[in-house]
Amino acid sequence: PSGDGRCSPRRRSRNGSAFRRCSALDVLGTRLIMASELCKTISEAKLERHKNLFLNYRNLHHFPLELLKDEGLQYLERLYMKRNSLTTLPENLAQKLPNLVEFHWLPR
């Protein structure tokens, strides 16, 4: 495995079934790529003043505090965070995102 977020090629087990072996570096690399993509998505939404932001299926365990930094997402009206693993929301969510009228959040 190269540690670049990809698993090693399929291998055959003793019983002939195919499987992939992922190392800890592969998993860490995948998480870093996902975090980088999340930051890029949020930054783009701030710069372009998006009204809708889709963060569905991102395997998030914590609410991304980057959403609440600065005043960049004051135009956000709809936030989609379906199928993540969030357990709590920030207390200041309504203050930091004052134009938010829809928040879609379904746990896994």
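Number of residues in the range 78-87 that are in a loop (DSSP other than H, G, I, E, B) and open to solvent by less than 40 Å² (accessible area, probe 1.4 Å): the value is 3.
Please work out if residue 5 is surrounded by 10 or more Cβ atoms within 10 Å (Cβ to Cβ), in a loop (DSSP other than H, G, I, E, B) and either of a type outside the set (Ser, Thr, Tyr) or at pLDDT 85 or above (or both). For residue 5, the condition - surrounded by 10 or more Cβ atoms within 10 Å (Cβ to Cβ), in a loop (DSSP other than H, G, I, E, B) and either of a type outside the set (Ser, Thr, Tyr) or at pLDDT 85 or above (or both) - is met. Taking every residue in the range 78-97 that is among the charged types (D, E, K, R) and pairing it with any residue that is open to solvent by 50 Å² or more (accessible area, probe 1.4 Å) and modelled with pLDDT under 95, at least 6 positions away or on another chain, the pairs with Cβ-Cβ distances below 7 Å are 82/104; 82/105; 82/106; 83/57; 83/106; 83/108.
Per the conditions (1) surrounded by 15 or more Cβ atoms within 10 Å (Cβ to Cβ); (2) at pLDDT 95 or above, the sole criterion not satisfied by residue 30 is (2). The set of residues from the range 33-77 being open to solvent by 70 Å² or more (accessible area, probe 1.4 Å), in contact (Cβ under 8 Å) with a residue 12 or more places away in the chain and among the charged types (D, E, K, R) comprises 49, 51, 70. Does residue 93 satisfy the criteria of being modelled with pLDDT under 95 and open to solvent by less than 60 Å² (accessible area, probe 1.4 Å)? When the stated conditions are applied, residue 93 passes them.
The values are calculated or read from the model by the stated rules, or taken from the named source; none is laboratory data. Bear in mind the structure is a predicted one, so any value in this text is a computation, not a measurement. In this analysis, Cβ positions are derived from the backbone assuming ideal geometry, glycine residues included, and neighbour counts consider all displayed protein chains. Just so you know, the surface numbers come from the protein's heavy atoms only, side chains and all, with ligands and any DNA or RNA stripped out. Shrake-Rupley method; radii C 1.70, N 1.55, O 1.52, S 1.80 Å.
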